[in-house]
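Undergrad: Below you'll find the structure I mean.
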Ligand SMILES: O=C(O)CCC(=O)C(=O)O
């Protein structure tokens with residue numbers, strides 16, 4: 001599927017599943033460094049990795065947030081194909097990464113089976129919009145093969161949900177009762193309309209935060225699922241937020257990521273474009289001190305570059 005068809009599917013269904021979108025060779029270095037973040041399947045299931053206890057009993061305990069202990073994994077978040085996809089879906093050339101997580105799940109560690117829900121309650125201070133330029137996109141990226149037995153997300157096309165109001169947000173299985181105004185019982189047909197996101201390593205599932213979806217159980221014996229959750233918005237869309245990158249920009253993981261990223265990748269985490277009035281001799285000198293291994297030449301005015 002090319003990006004144009006992907007954008008069409010995303011607009012129609014509220015999601016698009018792109019099996020193997022990232023070729024294996026573009027994931028090799030990141031997958032090799034997964035152990036910097038998480039136990040292997042054997043390390044978890046045999047209890048030989050001292051980090052295994054972290055994952056027991058809480059489905060969200062397996063989440064690490066950007067920048068990651070592996071720079072290779074941080075760079076996957078801004079892989080050129082991922083950025084091209086975000087730009088195509090958002091119909092916007094200047095996109096911003098507003099959230100990035102790496103997530104390990106292990107069979108039996110906890111209950112990963114979720115109720116259908118939308119994500120907008122912690123992705124925007126407003127409600128989702130279908131207006132081009134006012135949309136956000138989330139992506140699940142599989143770092144290993146995720147068949148149905150390893151808990152792929154399930155999604156429901158907008159064809160079945162377009163008429164549902166913004167609240168409630170969680171739709172429980174028929175027969176289950178909600179306890180607050182954001183939770184209610186689903187129409188039985190909604191769970192029957194789910195589509196599985198199962199796919200090989202490199203699969204990308206892009207969805208809009210207003211799209212109903214849910215996490216599912218891992219059932220494969222001694223199974224592990226490694227994935228990323230990435231969130232993009234048009235750079236100027238101020239109401240879509242999750243984290244501020246400056247809060248972790250003192251860490252060695254951030255400095256390593258910055259030193260290895262391209263100007264385009266850095267633009268998606270907030271660096272002003274070359275030519276922006278921010279770039280002066282004063283700020284360039286400061287940046288050289290803050291990031292000694294970052295090649296600042298793309299941001300230097302041509303006149304200054306020739307003086308050096
Ligand atoms: O990890 C997944 O497959 C889905 C998780 C999810 O939808 C969520 O936690 O909101």
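Undergrad: Could you tell me whether any residue of segment 156-171 is in the same structural domain as residue 143 (by TED's automatic domain parsing), within 13 Å of the ligand (Cβ to nearest atom), in a loop (DSSP other than H, G, I, E, B) and closer than 30 Å to residue 26 by Cα?
TA: yes
Undergrad: Turning to a different aspect of this structure: Could you check residue 105 against (1) under 26 Å from residue 238 (Cβ atoms); (2) part of a strand (DSSP E or B); (3) in contact with a helix residue (DSSP H, G or I) (Cβ under 6 Å, 6 or more places away or on another chain) and say which number it fails?
TA: Only one criterion in (1) under 26 Å from residue 238 (Cβ atoms); (2) part of a strand (DSSP E or B); (3) in contact with a helix residue (DSSP H, G or I) (Cβ under 6 Å, 6 or more places away or on another chain) is unmet by residue 105, namely (1).
Undergrad: Within the group 193, 166, which residue is over 20 Å from residue 217 (Cα atoms) and modelled with pLDDT of 95 or more?
TA: Within the list 193, 166, the selection yields 166.
Undergrad: Working carefully through the options 160, 154, find the one that is modelled with pLDDT of 95 or more and under 20 Å from the mean Cα position of the chain (by Cα).
TA: Of the residues listed, the single one that is modelled with pLDDT of 95 or more and under 20 Å from the mean Cα position of the chain (by Cα) is 154.
Undergrad: Check off (1) over 13 Å from the mean Cα position of the chain (by Cα); (2) more than 14 Å from the ligand (Cβ to nearest atom) for residue 82 and give me the number that stays unchecked.
TA: Result: residue 82 fails condition (1) only.
Undergrad: Name the helices (runs of 4 or more DSSP H) wholly within segment 1-99 that hold at least 3 residues that are under 21 Å from residue 136 (Cβ atoms)?
TA: Helices (runs of 4 or more DSSP H) meeting the threshold: 3-13, 80-90.
Undergrad: Something else: What's the number of the only condition in (1) more than 15 Å from the ligand (Cβ to nearest atom); (2) assigned to a loop (DSSP other than H, G, I, E, B); (3) modelled with pLDDT of 95 or more that residue 175 fails to meet?
TA: Against the list (1) more than 15 Å from the ligand (Cβ to nearest atom); (2) assigned to a loop (DSSP other than H, G, I, E, B); (3) modelled with pLDDT of 95 or more, residue 175 comes up short only on (3).
The values are calculated or read from the model by the stated rules, or taken from the named source; none is laboratory data. From a predicted model like this one, the values you see are computed outputs, not experimental measurements. Methodologically, a virtual Cβ is constructed for each residue, glycine included, from the backbone with ideal geometry; neighbour enumeration extends over all protein chains shown.
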